[in-house]
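J.: This structure is in C-alpha cells; I'll ask about it shortly.
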Amino acid sequence: MNASHPSADTLRAALAAVLDGLPPRQATQAVERLIANYRGATPTDAPVLRDRSDVAAYAAYRMPATFEAVSAALYALADAAPDWAPATHTDVGGGTGAASWAVAETWEGAARTTVLDWAEPALAIGRELARDVFEAEWRRERIGGALKLPETDLVTVSYVLNELTEADRTALVTEAARVAQAVVVVEPGTPDGYERIIAARTLLVEADFTVAAPCPHSGACPIVPGTDWCHFAARVSRSSLHRRVKGGSLPYEDEKYSYVAATRFPVTPVAARITRKPQIRKGQVLLDLCGPDGLARETVTKRHGPLYKQARDADWGDSWPTAEG
C-alpha cells in the first residue's frame, strides 16, 4: 500500500530529499549547464545527464513544471472520459518520472506504470523518488524510431519529441498509436513545440484516434500556420533552486506547454476551449475561444447573468459552454 499520495507537495518533498547533501553551488552550476543543452539536439543515445548529481539537480529544477503541465493535460483527458481510467501506462522517455507522478495523481495510482528512458542515472533517481508513493517499473530503452512498445492503456510522451529526428518522431507516435487506447503528448509551449504537437495530432487522427483535448473537435486546427500557436500555462511553485538559477523573487512561475490527448474510445470533448488569458474589463469579459466552428471572440457582459460570473472566474485553458461565430 502506498504511503503517500502523489501530488505536487509530495513530489517537492521527495526532490528535497534527493538534493540533501548536494552543495547548492554545485546544483546551480549543473542546472545552468543542463539547461543550455539538455533540450537541444543531443542524441538520445548520448544522454547529458551524466551522474546522480546532474540528475538530482535537473530533476529538482524541471520535474515540478513537467508534472504540472502533464497533470493539466491528463485532467483534460479525464474530463473528456470521466468513466475511463488506465490500468496500464507506459511513460516514453520518462526520465525521472514526472509524467508518471501525474498519471498516479490523476487516477489515484490505479495504473501499472512502466517508465522507459536511455539515461540510467535518471531511472535510478526516478525509482528512488517514487518509492513508497506509487509502483512502477523503470527500464532502460533507447527512445527512437526503432522502439517497440507493449500494448497498454495509456502512453505518455512528454518533452521528448524535440530530442528526436522528424523520422523518429513520426515512428514513435505511430508506435504509440498502435499499442495504446489513449496517447498524451506534451511539448514546450513554443511555436516549435506546437508544430510538433500538430504533427503528432495529425498522426493520431490518421490512426483513427479521436482528439479528447484540448481541441473541441478532431478536424484540422483552425490556426493558420505561422500566425499563432496553441499553448497553455500551468502555475508552478518555485523552489529555492529555481530562484537561484533564474533570479527574481516571485514564489511561482508559469510553465507554458502545448499538448494533445487522443483516444481509441468515445469521448466527450469540451464545447469550446479558452485559448488565451481572459480579458476582464469594466462590465465585460473577452474570451478567445476555439470551438467546433473554429476560432472566435466572445464578449460576456453583466446581462448574461450567471455566465458573466463564470467568465470572470474562468482561466486560460478552461472549457467554455458556448462559442460564437
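The values are calculated or read from the model by the stated rules, or taken from the named source; none is laboratory data. Being a predicted model, the structure only gives us computed values, none of them experimental. Cβ: placed from backbone, ideal geometry, glycine included. Neighbour counts: every protein chain shown. Surface areas here come from the heavy atoms of the whole protein model, side chains and all, with no ligands, DNA or RNA. Shrake-Rupley method; radii C 1.70, N 1.55, O 1.52, S 1.80 Å.
J.: Mind listing whichever residues of region 88-120 are surrounded by fewer than 24 Cβ atoms within 10 Å (Cβ to Cβ) and in contact (Cβ under 8 Å) with a residue 60 or more places away in the chain?
T.: Scanning region 88-120 gives T88, E105, E108, G109, W118, A119.
J.: Of the conditions (1) of a type in the set (D, E, K, R); (2) modelled with pLDDT under 95; (3) closer than 19 Å to V183 by Cβ, R12 fails just one. Which one is it?
T.: For R12, the exception is condition (3).
J.: What's the number of the condition D132 fails, among (1) of a type in the set (D, E); (2) under 23 Å from Y259 (Cα atoms); (3) at pLDDT below 95?
T.: (2)
J.: Oh, and also: Could you please find all residues in region 121-159 being in a loop (DSSP other than H, G, I, E, B), closer than 15 Å to H89 by Cβ and of a type in the set (A, V, I, L, M, F, W, C)?
T.: V133, F134, L149
J.: Could you list, in sequence order, all residues of region 285-315 that are under 20 Å from H231 (Cα atoms) and either touching a residue at least 40 places away in the same chain (Cβ under 8 Å) or touching a Lys or Arg at 6+ places or on another chain (Cβ under 6 Å) (or both)?
T.: The answer is D288, C290, G291, P292, G294, L295, A314, D315.
J.: Ok, one more. Would you tally the residues in region 296-325 being assigned to a strand (DSSP E or B), open to solvent by less than 60 Å² (accessible area, probe 1.4 Å) and more than 19 Å from S258 (Cα to Cα)?
T.: 5
J.: Of all residues in region 185-209, which are β-branched (V, I, T), within 10 Å of Y257 (Cβ to Cβ) and open to solvent by 30 Å² or more (accessible area, probe 1.4 Å)?
T.: Selection gives T190 alone.
J.: What about V211, is it among the β-branched types (V, I, T) and closer than 27 Å to T88 by Cβ?
T.: Yes: the conditions hold for V211.
J.: Next question, about the same structure. Examine region 77-87 for a residue that is farther than 30 Å from A272 by Cα and either buried (at least 17 other Cβ atoms within 10 Å of the Cβ) or of a type outside the set (A, V, I, L, M) (or both), and state whether such a residue exists.
T.: Checked against the condition, which is being farther than 30 Å from A272 by Cα and either buried (at least 17 other Cβ atoms within 10 Å of the Cβ) or of a type outside the set (A, V, I, L, M) (or both), region 77-87 yields no hits at all.
J.: Now for a separate question. Given (1) under 20 Å from the mean Cα position of the chain (by Cα); (2) under 14 Å from G97 (Cβ atoms); (3) of a type outside the set (V, I, T); (4) at pLDDT 95 or above, where does E187 come up short, assuming only one miss?
T.: Going through the list (1) under 20 Å from the mean Cα position of the chain (by Cα); (2) under 14 Å from G97 (Cβ atoms); (3) of a type outside the set (V, I, T); (4) at pLDDT 95 or above, E187 breaks only (2).
J.: Further question: Can you tell me which of L123, L129, L172 is touching a residue at least 60 places away in the same chain (Cβ under 8 Å), surrounded by 22 or more Cβ atoms within 10 Å (Cβ to Cβ), under 26 Å from P64 (Cβ atoms) and touching a strand residue (DSSP E or B) at 6+ places or on another chain (Cβ under 8 Å)?
T.: Of the residues listed, the single one that is touching a residue at least 60 places away in the same chain (Cβ under 8 Å), surrounded by 22 or more Cβ atoms within 10 Å (Cβ to Cβ), under 26 Å from P64 (Cβ atoms) and touching a strand residue (DSSP E or B) at 6+ places or on another chain (Cβ under 8 Å) is L172.
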